[in-house]
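**Student:** Take a look at this one; I'll ask things after.
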Amino acid sequence: LALAKFTEGLEKSRQNFLSDLRGIFDVKGASLDQTLEKLEDALLSADIGATTTDQILDDVKGVAQAQGDYTEQDVTAILRGRMAEALSAGGPSSLTSAEAGPTVILVLGANGMGKTTTIGKLARRLRAETGQKVLLAACDTFRAAAVEQLEEWAARAEVDIVVPDQ
C-alpha cells in the first residue's frame, strides 16, 4: 500500500512537471527571456534545485546564442543531460553533525513535497547507520494529520518525538 501511494505520488509529480514543460512551448513567438522565466518556474516548482536550474538555464542561453535560436528538442536534451548528471553525481553528504551538543536539522519546503516522509526516512537512517540519538519535533500544526503522520514515522524509525499540546 505504501509503495503504491509513493509511486502514485511520483507519477503525479512527473505529470505536473511534464505539463509545465509543455506549457512553456505552447506560446508561439515567446522571447528567450520569457521562455527562460517559465522554464525556471517549472524547474524550481519541481524542486530541481537552484544550482541545477541555473546550469540548465545557462545551457539553454548558450544554445540560443550559438545557434541563433533554440527548439523544444534542444531544451529537452539539455534537461535530460543535466538531470542525469545531477542524479549520478555522488559527492559527500551535505549533512554534518555539531562537534558538541545537539545537531538541529530544519526541514523546509512547499506543501506536498514529501518533507514528513523524508524526515522519517532520515531519522531511521541516522539512528540505524550512525547510532545517533534522534528526536523529532512536530511543528507542522497547520496541516491536518501532520502530527499523527510524523508520530507514525517516529515509531517506524524507533526514535523519540515531541508533539505540541493539542
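The values are calculated or read from the model by the stated rules, or taken from the named source; none is laboratory data. Since the structure is predicted, the reported quantities are computational estimates derived from the model, not experimental observations. So basically every Cβ, Gly included, is an ideal-geometry build from the backbone, and we count neighbours across all protein chains shown. Note: areas computed on protein heavy atoms with side chains; ligands, DNA, RNA excluded. Shrake-Rupley method; radii C 1.70, N 1.55, O 1.52, S 1.80 Å.
**Student:** Counting Lys and Arg as +1 and Asp and Glu as -1, what is the net charge of the other residues whose Cβ lies under 12 Å from the Cβ of Y70?
**Tutor:** Around Y70, the charge tally is -3.
**Student:** Amide H of I161: which non-local residues (sequence gap of 5 or more, or other chain) have their own amide H closer than 5 Å, using H built in the peptide plane?
**Tutor:** HN-HN under 5 Å from I161: L136.
**Student:** While we're on this one: Convex hull over the alpha-carbon atoms of the chain: what's its volume per residue in Å³?
**Tutor:** Here the figure is 162 Å³ per residue.
**Student:** For T103, which sequence-distant residues (separation of 5 or more, or a different chain) have an amide H within less than 5 Å of its own amide H, given hydrogens modelled in the peptide plane?
**Tutor:** Here A98 satisfy the definition.
**Student:** Which three extents, in whole angstrom, do the alpha-carbon atoms of segment 54-132 cover along their principal axes, largest first?
**Tutor:** 56, 28, 18
**Student:** Hey, in the GNM for the chain with a 10 angstrom Cα cutoff, which one of K121, K28, K12 fluctuates hardest?
**Tutor:** K28
**Student:** What pairs in K12/K115; K5/K38; K5/K133 have C-alpha atoms more than 19 Å from each other?
**Tutor:** Going by Cα-Cα distance, K5/K38; K5/K133 fall outside the 19 Å limit.
**Student:** Now, a different point. Out of the total accessible area of segment 1-136 (probe 1.4 Å, heavy atoms of protein only), what percent is carbon and sulfur? The partial results should precede the final answer.
**Tutor:** Details: 5240 of 9820 Å².
Whole-percent figure for carbon plus sulfur exposure: 53.
**Student:** I'd like the Karplus ³J(HN,Hα) series for segment 26-33: coefficients 6.51, -1.76, 1.60, θ = phi - 60°, whole numbers in Hz, and an x wherever there's a Gly or Pro.
**Tutor:** In residue order, the calculated couplings are 6, 8, 6, x, 5, 6, 4, 4 Hz.
**Student:** Output the relative contact order of the chain, whole-number percent, from Cα pairs under 8 angstrom with separation of 6+ residues.
**Tutor:** Computed value for the chain: 13 percent relative contact order.
**Student:** HN-Hα J couplings of segment 39-45 from phi, Karplus 6.51/-1.76/1.60, θ = phi - 60°, integer Hz, Gly and Pro as x?
**Tutor:** 5, 4, 4, 5, 5, 5, 5
**Student:** Right, next: Rounded to the nearest whole Å², what accessible area per residue is found for the chain with the 1.4 Å probe?
**Tutor:** I get 72 Å² per residue for the chain.
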